[in-house]
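First the structure, in the form of structure tokens, and then the observations on it.
The values are calculated or read from the model by the stated rules, or taken from the named source; none is laboratory data. All values reported here derive from a predicted model rather than from experimental measurement. For neighbour counting, all protein chains shown are included, and Cβ atoms are generated from backbone atoms with ideal geometry for every residue, glycine included.
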Amino acid sequence: MNLELLWLIVALLILGIVLSTGWGSSTRSLERRMTRLERKLDLVLDHLGVRKPTGDLVAELEPLLREGKTIAAIKRYREVTGAGLKEAKDAVDRMSHRAR
């Protein structure tokens, strides 16, 4: 009986090691792929001259939105990020809905 229990424990340990090793390498592989994709996306955005809005931009736009100066906020968003009119309007609209 003790020998059977010992074999069961050894088998479970081996199974655990195999599963954790396989899962870990798969996760690391996905993380590496995601990092490469993010790097490529950053290069494309840089090439197009599009920059992600920072917290500073959001803080700058909040007073304009509170004063109801949506067009001025959209214009400033476009100046800072290089975004198109529709993208800027959509982003400013999302910011104004969050501010309410």
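With the requirement that a residue be surrounded by 17 or more Cβ atoms within 10 Å (Cβ to Cβ) and touching a Leu at 6+ places or on another chain (Cβ under 7 Å), what does the range 63-77 give you?
A73, R76, Y77 - these are the residues of the range 63-77 that are surrounded by 17 or more Cβ atoms within 10 Å (Cβ to Cβ) and touching a Leu at 6+ places or on another chain (Cβ under 7 Å).
Within the group T27, T35, which residue is of a type in the set (S, T, N, Q), modelled with pLDDT of 85 or more and within 19 Å of the chain's Cα centre (by Cα)?
T35 is the lone residue from the list that is of a type in the set (S, T, N, Q), modelled with pLDDT of 85 or more and within 19 Å of the chain's Cα centre (by Cα).
Considering the range 30-62 alone, what residues qualify as being loosely packed, with under 11 Cβ neighbours inside 10 Å and under 25 Å from S96 (Cα atoms)? Lay out the reasoning, then the answer.
So in the range 30-62, the residues loosely packed, with under 11 Cβ neighbours inside 10 Å come out as 30-41, 43-44, 46-49, 52, 55-56, 59.
Scanning the range 30-62 gives G49, K52, G55, D56, A59.
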